[in-house]
Amino acid sequence: MATQKEIKYQNRLSSEKSPYLLQHADNPVEWHPWSDEAFEKAKGEDKPVFLSIGYSTCHWCHVMAHESFEDEQVAQLMNDTFVSIKVDREERPDIDSIYMTVCQMMTGGGGWPLTIIMTPDKKPFFAATYISKENRFGRIGMIDLIPKIKDIWTNRKTEIMESAEKITSTIQQLSTGTPGEELNVHLLSSAYEALSTRFDSQHGGFGSTPKFPTPHNLLFLLRYWKSTGDEKALRMVEETLQSMQRGGIYDHVGFGFHRYSTDREWLVPHFEKMLYDQAMLVMAYTEAYQATGRPEYEETAREILTYVLRDMTAPEGGFYSAEDADSEGIEGKFYVWTDEEIRRVLGEEADSIITAFNVSREGNFREEATQQKTGENILHLKGLLSEECESQWKTARQKLFAHREKRIHPHKDDKILTDWNGLMIAALAKAAQAFDEPKYAQAARGSVDFILNSLRTSEGRLLHRYREGEAAILAYADDYAFLIWGLLELYEATFEIRYLQTALDLNQVLIDHFWDKSTGGFFTTPDDGEALFVRQKEIYDGAVPSSNSVAMLNLLRLGRMTANVALEEMAAQIGCAFSKEVENAPVAYTQLMCALYFAFGPFYEVVIAGQSEAEDMRTMLKTLRTQFVPNKVVLLNPTNEESPSIHTLVEFIKGQPSIDGMATAYVCLNYNCQLPTTDPAKMLELLGN
């Protein structure tokens, strides 16, 4: 039933599909979606543009909305002074990236909600993140800021225009970049040393607070350990993975990881759950299992996927984007427990669980505004559970989960994004191989089929977002790079040739529409996308890896799989395009370091020939997949098919048949091929394991 508030106001966001924009459709602020109409209105009325960028599960976006955008006094000021535009950063990462760069340049920081005030021709002159309604602790609030902006716009517009031109010019110069020399192998040790210096030896992770999982740091460290044998690199990975899994950042009852920890100990998280974090962390725990054989890493990866398949999977086959930190307007309310509530749910079993998960009557969770303890607890461990307690916990967890399901759930952002789905496809395919779990490959297939059927045009181009039957927004470089990554992993999990073929097709589209022919690297937006005042190229590996970092490894893998040297040369050009930035701080580009590690080797090409469903083939593949050999590509030459279609893509494997009808491995190291073997142990020896 519609509320009185919803009846009272309805702005231009009401017809949008974005959950974030729809959250603001009943604000008294006269919001516009990003559109030519909005900017034409600003020009016609001679008003600056107030741009607000956020996403539906952003806690501080909710706070600013409730405090200011739902407030009639603030709304009246905004409507009188600005043409106001709302952008969902997850739908329009191109807009977000440009104006976040502006904010970081102007203020030294960034985050969401992102607030930009700009001219009607999209040139910014003011930047901030969250702004309170009233002045607070020396920071100006909306009530005072808006009249000041209006006064300056009315009386000192020339100064504003000059400032906006300088800011725009600076951003354009920063985005142009100057290519340098090829990246060199010493960057790997430089990145490692920087991570080693920042490592928190007491609690795991890197830096102090807030602490982010940043799984690509761990993926890089695993490769560094594999290459050098440096045990500290592996120790940093294991201590971080163990500390995160035991901490409050992990949802022990319903599984999955929260966004980040507000403290060093991984205890108090920012409670939102993002699809991309689940995907990247599955990869980290899966690879740690392959590297160490420790079953707890497999268990954690499986638990994360249990959460994703249970709560984040659309009936159509794709994966939803995120779950909010807030429920009933309170951050974390869905996830915390009182001592009394646990005792009521568990009865006699409660004491051991309360002790193991560090629950107390006074609680460890503080109310946000007052920082007073609420008597509520975030479940967390300080060590391993005993065998007896582990058994009790399995039963107790199910009871707590069933009880928690009766609570009001956080908002779920149910849009399906091609890029984040690509990451989850890659994670599922990796887990399917490492854990010999067909259901994970099947879930990955479901997402791929959905994207190719619902988010791909008749011309073969991808679209970025799907929600409620509508696919929209021409795809970005991330969409192509991440989906190609997923397709390559899924090919190696299933050996279905269509996935390799689609990866090659999409890679060609990426090259045709995103490649910078002058200096190398991929632009974020296609050559026929909306023209913004700068066309950016991303290399920084932040919350998610950059499109160029992932594309570089994709190009190397596709080049080795199909013997296409031109793709490897293009990968090297990506390195040259960004070398000056990367050399300044290689630790900021750890996904790129993974690609660089592959490029420098040692790297392996493995062709396994034989009957695809035979028992010896399954044994050979299982032996290969349980090992940590990240620098490899794997192809299947099925001898039980006449003229298999793999030969049309990879002609050279025609000359690599099975021996005496047995599963046979051909291993090539750094372009040098070894004698074939039918012995799985010998294959591992050839792979350096």
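Computed from the coordinates by the stated procedures, all read-outs in this text should not be read as laboratory data. As the structure is a prediction and not an experimental result, all values here were calculated from the model. So basically every Cβ, Gly included, is an ideal-geometry build from the backbone, and we count neighbours across all protein chains shown.
Worth a mention:
- With each label modelled as a point 7 angstrom along the Cα→C-beta vector, the Asn135-Thr395 pair spans 6.3 nm.
- Ranked by how many other beta carbons lie within 10 Å on average, peptides 575-584, 279-288, 20-29, 131-140 from highest: 279-288, 20-29, 575-584, 131-140
- Exposure proxy shown here: for Met424, Met105, Met552, Met142, the number of other Cβ atoms within 10 Å sets the order, fewest to most, as Met105, Met142, Met424, Met552.
- Anchor Lys439: lysines whose Cα lies under 27 Å away (excluding residues fewer than 8 positions away in-chain): Lys273, Lys394, Lys399, Lys412, Lys415, Lys430, Lys622, Lys632
- Of the peptides 564-571, 236-243, the ranking by mean beta-carbon count within 10 Å, highest at the top, reads 236-243, 564-571.
- Shown for Phe255, Phe271: other C-beta atoms within 10 Å of each C-beta, ranked fewest to most, produce the order Phe255, Phe271.
- In range of the label at Thr178: residues from the range 577-592 whose backbone nitrogen is under 12 Å from the point 7 Å along Cα→Cβ: 580-581
- Spin-label model distance (nm) - Arg366 vs Glu641, 7 Å beyond Cα toward Cβ: 6.0 nm
- Between the range 109-162 and the range 202-221, the alpha-carbon center distance in angstrom: 34 Å
- Short-range pairs are left out: with C-alpha atoms under 8 Å and at least six residues apart, the relative contact order of the chain is 11 percent.
- Put a plus charge on the Cβ of each Lys and Arg, a minus charge on the Cβ of each Asp and Glu, and nothing anywhere else: the dipole of the range 604-686 about its Cα centre is then about 300 debye.
- Angle between the chain longest axis and helix 215-228 axis [Cα atoms, degrees, rounded to 10]: 30 degrees
- Rounded to 5, the percent of DSSP beta bridges in the range 4-176 classed as antiparallel: 55 percent
- In a reduced charge model with +1 at each Lys and Arg Cβ and -1 at each Asp and Glu Cβ, the chain shows a dipole moment near 660 debye about its Cα centre.
- Loop-located trypsin sites (Lys or Arg not before Pro) in the range 370-449 (DSSP state other than H, G, I, E, B) with a sparse environment of at most 16 neighbouring Cβ atoms within 10 Å: Lys382, Lys406, Arg407.
- By the Cβ distance rule (another cysteine Cβ under 4.7 Å), the unpaired cysteines of the chain are Cys103, Cys389, Cys576, Cys594.
- Spatial separation of Cα centroids for the range 588-631 and the range 228-292, in angstrom: 24 Å
- Förster-model FRET efficiency, 25 Å R0, Glu162 and Gln104, C-beta, rounded to 0.05: 0.70
- Reach of Lys166 by Cα under 15 Å, taken over aspartates and glutamates that are not fewer than 8 positions away in the same chain: Asp121
- Taking the C-alpha atoms only, the angle from helix 565-584 to the longest principal axis of the chain is near 50 degrees.
- Annotation: the residues Ile249, Ile117, sorted from fewest to most other C-beta atoms within 10 Å of their own C-beta, follow the order Ile117, Ile249.
- Extension gain (nm, one decimal) between Thr170 and Ala194, 0.36 nm per residue minus Cα-Cα: 5.7 nm
- Thr292/Thr154 FRET efficiency (R0 51 Å; Cβ-Cβ; nearest 0.05): 0.20
- Given [x] 41, 38, 23; [y] 43, 33, 23; [z] 62, 44, 38, the label whose value is semi-axes √(5λ) of the Cα gyration tensor in Å derived from this model: [y]
- Of the peptides 509-515, 417-423, 228-234, 31-37, the ranking by mean beta-carbon count within 10 Å, highest at the top, reads 417-423, 509-515, 31-37, 228-234.
- Antiparallel bridges, percent of DSSP beta bridges restricted to the chain (to nearest 5): 75 percent
- C-alpha long axis of helix 186-198 to longest principal axis of the chain, angle in °: 60 degrees
- Restricting the range 448-527 to GluC sites (Glu not before Pro) in coil, as DSSP defines it, with at most 10 other Cβ within 10 Å: Glu459, Glu468
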